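Heads up: the structure comes next, in structure tokens.
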Amino acid sequence: MSYLCTLFCAMELHFHKYQGTGNDFIILDNRHLHFPKNDTNLVARLCDRRFGIGADGLLLLEDDSSSDFNMVYYNSDGNLGSMCGNGGRCLVAFADSLGLVNGKVKFIASDGLHEATIKGEQVSLKMADVASINTKKKSFFLDTGSPHHVQIVEDLTNFDVAKEGRRIRYGVYGEKGSNINFVEQLSPDTFMVRTYERGVEDETYSCGTGVTAVALAMHNAGKTQNTEVYIRTRGGDLSVRFNAAKGVYRDVILEGPATFVFKGTIEW
């Protein structure tokens, strides 16, 4: 490519769009490292729902020497994010479409090594162990690869998640913030969850690390005795199963659909 074309010619970006229970992502095959990873404004523009493709976040699939691939995740504000559970499941589905997955896969994310299995559109993702759950008066705090505040509320359907989530995200946790989850128990093993996500700065239809945090917090609080918990989100249903011993949660598996939406090209 000539110097003048480097300056003035538009570049084509090939992308795929996936969603996991309504949590949607732009996914790029970046094994050749062509994507300008430090261009925060470009990521934010691509994720913009009016002026770009539209998504809760952007994922890059890259080569990794010690696993099947490396996952790089950006929040929709353009900044690098922490672990994203639904994003990880969608990236596994994308890797499967590229022929990189043979039923099982291992990949590196910001919080370390993850394992996953895929069968059709169902992806089961092994999450990080959790050894600490901080119990407060009316809430819980834990890190499931991303920080999460979990709070039990009544009448969750009519609850103002955006307003209260924003207040807690900044007012309690400061600029660095936390994701904020509001939960209502529906049965001994089923909970409804709505999440305000930092980096998106709004409610999303689902949050994988948030769903995981809710399942573990509710078990830790004695709200359920089950080691497989079912979660209803605005975008669909997920399940979380785990082993619990001496306050440590291991073999934590987040399972649910990861669905291809569309693919295309965009100039930048």
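Given charges of +1 on the Cβ of Lys and Arg and -1 on the Cβ of Asp and Glu, with all other atoms neutral, how large is the dipole of the range 133-255 about its Cα centre, in debye to the nearest 20?
Here the range 133-255 has a charge dipole of around 440 debye.
In the range 26-110, what chymotrypsin sites (Phe, Trp or Tyr not before Pro) fall in a loop by DSSP, with at most 15 other Cβ atoms inside 10 Å? Spell out each step's value before the answer.
Numbers: sites: Phe51, Phe69, Tyr73, Tyr74, Phe94, Phe107; in loops: Phe51.
Answer in residue order: Phe51.
In nm, give the distance between the simple-model label positions of Lys176 and Thr190, each being 7 Å from the Cα along the Cα-to-Cβ direction.
The modelled label-to-label distance comes out at 3.8 nm.
Along Cα→Cβ, 7 Å out, is where each label goes; now give me the distance between the ones at Leu80 and Lys263 in nm to one decimal.
Going from the Leu80 label point to the Lys263 one covers 2.8 nm.
If each of Asp251 and Gln225 carries a label point 7 Å out from its Cα toward its Cβ, how far apart are those two points in nm?
Placing both labels 7 Å along Cα→Cβ, they lie 2.0 nm apart.
Of the listed pairs Lys106/Lys136; Lys126/Lys246; Lys37/Lys106; Lys136/Lys163; Lys138/Lys246, which have alpha-carbon separations greater than 25 Å here?
Numbers: Lys106/Lys136 35 Å; Lys126/Lys246 20 Å; Lys37/Lys106 23 Å; Lys136/Lys163 21 Å; Lys138/Lys246 23 Å.
Those over the limit are Lys106/Lys136.
Please report, in debye to the nearest 20, how large the charge dipole of the chain is about its Cα centre when each Lys and Arg carries +1 at its beta carbon and each Asp and Glu carries -1 there. Don't skip to the end; give the middle numbers.
Numbers: 28 positive and 33 negative charges, 113 e Å.
The calculation lands at about 540 debye.
Using 0.36 nm times the number of residues separating Leu113 and Ser97, minus their current alpha carbon distance, what extension gain do you get? Intermediate results must be reported in sequence, preceding the final value.
Values: separation 16, 0.36 × 16 = 5.76 nm, distance 2.10 nm.
Full-extension gain reported as 3.7 nm.
Can you give the relative contact order of the range 133-255 as a percent, counting alpha carbon pairs under 8 Å and 6+ residues apart? Please list the in-between numbers first.
Values: 239 pairs, mean separation 24.3, N = 123.
Once divided by the residue count of the range 133-255, the mean separation gives 20 percent.
Please give the FRET efficiency for Lys136 paired with Met11, using the beta carbon to beta carbon distance and R0 = 45 Å, rounded to the nearest 0.05.
0.40
Around Phe35, under 15 Å between beta carbons, what's the net of Lys plus Arg minus Asp minus Glu among the other residues? Before the final figure, lay out the partial values.
Details: positive: Arg31, Lys37, Arg45; negative: Glu12, Asp29, Asp39, Glu62, Asp63, Glu267.
Cβ neighbours under 15 Å give a net charge of -3.
Find how many whole Å separate the alpha carbon centroid of the range 215-268 from the alpha carbon centroid of the range 68-130.
Using only Cα atoms, the two centres lie 13 Å from each other.
How much of the DSSP bridge set in the chain is antiparallel, in percent, rounded to the nearest 5?
On the way: 66 of 81 bridges.
Around 80 percent of the beta bridges assigned by DSSP in the chain are antiparallel ones.
Which Cα, out of Ser65, Phe262, Gln151, lies furthest along the positive dipole direction of the chain (beta carbon charges, K/R +1, D/E -1)?
Gln151
Please list the helices of the chain that count as membrane-span-like by this rule: a mean Kyte-Doolittle hydropathy of at least 0.5 together with Cα atoms stretching 15 Å or more along the helix axis, each helix being a complete DSSP H run.
On the way: long enough: 85-97 (19 Å, 0.26); 208-220 (18 Å, 0.82).
In the chain, the long hydrophobic H runs are 208-220.
Read-outs throughout are calculated quantities, based only on the coordinates presented, and are distinct from any laboratory measurement. Nothing here was measured: the structure is a model prediction, and the numbers come from that model. Heads up, the Cβs are rebuilt from the backbone with ideal geometry, glycines too, and the neighbour counts pull from every protein chain shown.
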